1. Hey, does the stretch 113-136 have a residue that's under 10 Å from the mean Cα position of the chain (by Cα) and not in a helix (DSSP H, G or I)?
2. Is it the case that the stretch 110-121 has a residue that's at negative phi, of a type in the set (Val, Ile, Thr) and either in contact with a Phe, Trp or Tyr (Cβ under 9 Å, 6 or more places away or on another chain) or modelled with pLDDT of 90 or more (or both)?
3. Can you find a residue in the stretch 99-108 that is without any contact (Cβ under 8 Å) to a residue 24 or more places away in the chain, of a type in the set (A, V, I, L, M) and surrounded by 20 or more Cβ atoms within 10 Å (Cβ to Cβ)?
4. Can you confirm whether the stretch 175-197 contains a residue that is within 26 Å of residue 58 (Cβ to Cβ), modelled with pLDDT of 95 or more, surrounded by 23 or more Cβ atoms within 10 Å (Cβ to Cβ) and not basic (Lys, Arg)?
5. Quick check on residue 172: is it acidic (Asp, Glu), at pLDDT 60 or above, surrounded by fewer than 13 Cβ atoms within 10 Å (Cβ to Cβ) and more than 22 Å from residue 126 (Cβ to Cβ)?
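The values are calculated or read from the model by the stated rules, or taken from the named source; none is laboratory data. Because the structure is a prediction, the values reported are computed rather than measured. Backbone-built Cβ (ideal geometry, glycine too); neighbour counts: all protein chains shown.
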Amino acid sequence: MYDYEDVRKVLERRERYLKSPQSKIFPVYFFAVQLWALASIIFSAWTRDPNESMQHVPAPPALLEAGRAALHEDENETRAMEILRPLADRGNPEAQYLLAQLYKSSSGMGPDRCEATKWLDRAARRGHPRAQARFAQAYMWGEGLLPNKWKAYRWALAARRGGVDWAAAIVEEAAAALSKRERRRIEQGMAAWRPENEPPAFIVRIPNVPAVLASALIKPCHSWF
């Protein structure tokens, strides 16, 4: 049972809120957020490249190792970009995976979730198991694209099938968001499923704004906090 005095105080607070400027600002703010997200989706669709080639050009191992060393050991982002970007553009999945890591954790350029996810997508569709695991996480958490638990589960299963031990945790997380029937349907389709047959992911490029102003579903490419 509610105390009469408590009810009276709640009604008074509601009355004060309705008379305050905030009550008029919130609907405008909510509309602006939705409009911003819609504009970002339209912009992403307009700038999408539908003609990406799936050609896979082998890269010299020494060059890949130099790029990996520049990224992880020397922490020389400029040098890593100079080495890895041309290899990634030519379709080398390991270079694409390393480039995604560079975009995800860059301190000099600033992290870019959208570019990181774009390159994870390309490496994953070329059969790179670790990229498939990270791509599954991107689908789980809305890292530059709309969250999709079905695709997250499928990509996590592919990564686990490719020998990525820590993909099991992603499989478990994605499975918890699906029904038993949905999981069975995805699992039954894995025998015939091929990553190279997947269409390119639709990257939603929400601009560099505070995360709270962007979208409740998709994280912006860059966040101020």
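1. The answer is no; no qualifying residue exists.
2. yes
3. Within the stretch 99-108 (the criterion being without any contact (Cβ under 8 Å) to a residue 24 or more places away in the chain, of a type in the set (A, V, I, L, M) and surrounded by 20 or more Cβ atoms within 10 Å (Cβ to Cβ)), the answer is yes, since at least one residue qualifies.
4. No, because not a single residue in the stretch 175-197 is within 26 Å of residue 58 (Cβ to Cβ), modelled with pLDDT of 95 or more, surrounded by 23 or more Cβ atoms within 10 Å (Cβ to Cβ) and not basic (Lys, Arg).
5. yes
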